[in-house]
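The values are calculated or read from the model by the stated rules, or taken from the named source; none is laboratory data. Please read these numbers as outputs of a predicted model, since none were measured by experiment. Cβ sites come from the backbone with ideal geometry, for glycine too, and all protein chains shown count toward neighbours. Areas reflect the complete protein model, heavy atoms only, side chains present, ligands, DNA and RNA absent. Shrake-Rupley method; radii C 1.70, N 1.55, O 1.52, S 1.80 Å.
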Amino acid sequence: TRVRDDAAAMRLSRILTVVAGLAQIAVGVAMQQSQRSALNIALSIASLINGPILGVFLVGAFIKNAKEIHALAGMIASVGVMIYILLGTSIAWPWYALIGSSVTVTVALIATIVVRTNEVLD
C-alpha cells in the first residue's frame with residue numbers, strides 16, 4: 001500500500017504542477033495588454049505562488065502540531081487572497097511573498113486550533 005500511496009502522491013503532484021503552470025500561463029496571457037514590463041509581469045506571477053509555498057514551509061517548520069490538511073487550508077486561502085490582490089488591488093508584487101506567506105501561516109494556525117486531527121502519520 002505504501003508504494004501505491006507514493007504513486008498516487010506522485011501523480012497528484014504532477015497534476016498540480018501542470019495546473020499551477022497553466023494558471024501562470026493564463027494570468028500571463030490575460031495581462032498581455034498591461035502597461036507593465038514583461039519582467040514585472042513575470043515576477044508578479046511567480047510571486048503569486050511563492051508566498052503560499054513559503055508559508056507552507058514555515059508552517060512545517062514552526063507549527064509543530066500542524067498536519068497536511070492545515071497547511072493545505074492555509075495555502076488554498078492564500079492563493080485565493082493572492083489572486084484577489086493581483087486582479088483587484090494596486091499592491092506591488094514585492095509584497096506578494098510577505099502577504100501570501102502570512103495568510104498561509106495564519107490560516108494554518110487557526111486551522112490547527114479549529115480542526116483537530118487525531119490520526120498518527122507514518
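Which whole-number value in Å² is the accessible area per residue of the stretch 23-122, probe 1.4 Å?
63 Å²
When you restrict to C-alpha pairs under 8 Å that are six or more residues apart and normalise by the size of the chain, the relative contact order lands at 29 percent.
Here the chain has an Rg and Dmax of 16.2, 52 Å, counting Cα atoms alone. Dipole magnitude for the chain: about 60 debye, using +1 per Lys or Arg Cβ and -1 per Asp or Glu Cβ, origin at the Cα centre.
Among the trypsin sites (Lys or Arg not before Pro) in the stretch 1-72, those located in a DSSP loop and surrounded by at most 10 other Cβ atoms within 10 Å of their own Cβ are Lys64. Protein-only accessible surface at a 1.4 angstrom probe places the residues Tyr84, Tyr96 in the order Tyr84, Tyr96, largest first. Could you state the number of Å between the C-alpha centres of the stretch 95-111 and the stretch 37-68? If we compute the Cα centre of each part, the gap is 9 Å.
Using a Gaussian network for the chain with springs between C-alpha atoms less than 10 Å apart, which of these wobbles most: Ala26, Ala46, Ala73? Maximum fluctuation in the GNM of the chain, among the listed residues, is at Ala26. When Ile110, Ile85 are compared by accessible area of protein heavy atoms, the largest-first order is Ile110, Ile85, using a 1.4 Å probe. Helices of the chain meeting both criteria, an alpha-carbon length of 24 angstrom or more along the long axis and an average Kyte-Doolittle score not below 1.6, with helices taken as full DSSP H segments, are 38-62, 68-88, 96-114. Heavy-atom accessible area for Ile41, with the other protein chains in place and a 1.4 Å probe, reaches approximately 20 Å².
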